[in-house]
Amino acid sequence: MMSNKIVVKFKDGKIVKGWSTDFGPNKEIFHLHSLEEYGKEILEIEISSLKAVFFVKDYLGDKNYKKVRTFNIDLKITPSQRKLIVNFVDGEHLYGTSHDYGRYKIGFFIYP
C-alpha cells in the first residue's frame, strides 16, 4: 500500500505531521500515522475537523516559500484550468486549480 507524507491542519490551528495510506477527499475519516514528535500514534481523523491536508515531499518546509496569489496555468504543473480561490473562515485565501471540485463533495484536491 502506498503511503503519502502529509501535514494535517485542524480548524483549531493544531498541526500534525505524518503519513497515511487511506486518505481520500471523499472519505469522512482517514488514519494518520503521526511522527514520533507527536507520539507516533495512529490517529483516526475526521475530515470535518480539518482546515486542510497538505501533501509534502518532506516535513522540513521551505523557508523561501512565497504565498501564491495568482494562478499557474502551466498544464505540465497543474492538471486543470479550473481556477479556484478557497476562502477559509479564518481569513486565509488559497489560490489554485482543481480537476475534482464539487460544491457538495466532502473534499477536493487543489494544486497551487
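Here are the numbers:
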{"read-out": "For Ala52, residues with placed amide H under 5 Å, excluding near neighbours", "value": "Lys9"}
{"read-out": "Enclosed volume per residue, in Å³, of the convex hull spanned by Cα atoms of segment 4-55", "value": "66"}
{"read-out": "Dimensions in Å of the chain - Rg and Dmax from alpha carbons", "value": "14.5, 40"}
{"read-out": "Peptides ranked, highest mean first, by Cβ atoms within 10 Å: ranges 89-95, 6-12", "value": "6-12, 89-95"}
{"read-out": "Surrounding net charge for His93, when Lys and Arg each add one and Asp and Glu each subtract one, Cβ distance under 14 Å", "value": "+2"}
{"read-out": "Where a label projected 7 Å from the Cα of Asn4 along Cα→Cβ would reach, residues of segment 12-36 with amide N under 18 Å", "value": "16-35"}
{"read-out": "Cross-link pairs beyond the 29 Å C-alpha cut-off, checked among Lys63/Lys105; Lys63/Lys83; Lys9/Lys40; Lys9/Lys63; Lys40/Lys83; Lys5/Lys105", "value": "Lys63/Lys105; Lys40/Lys83"}
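Read-outs throughout are calculated quantities, based only on the coordinates presented, and are distinct from any laboratory measurement. Every value quoted in this text rests on a predicted model; they were computed, and no experiment measured them. Cβ sites come from the backbone with ideal geometry, for glycine too, and all protein chains shown count toward neighbours.
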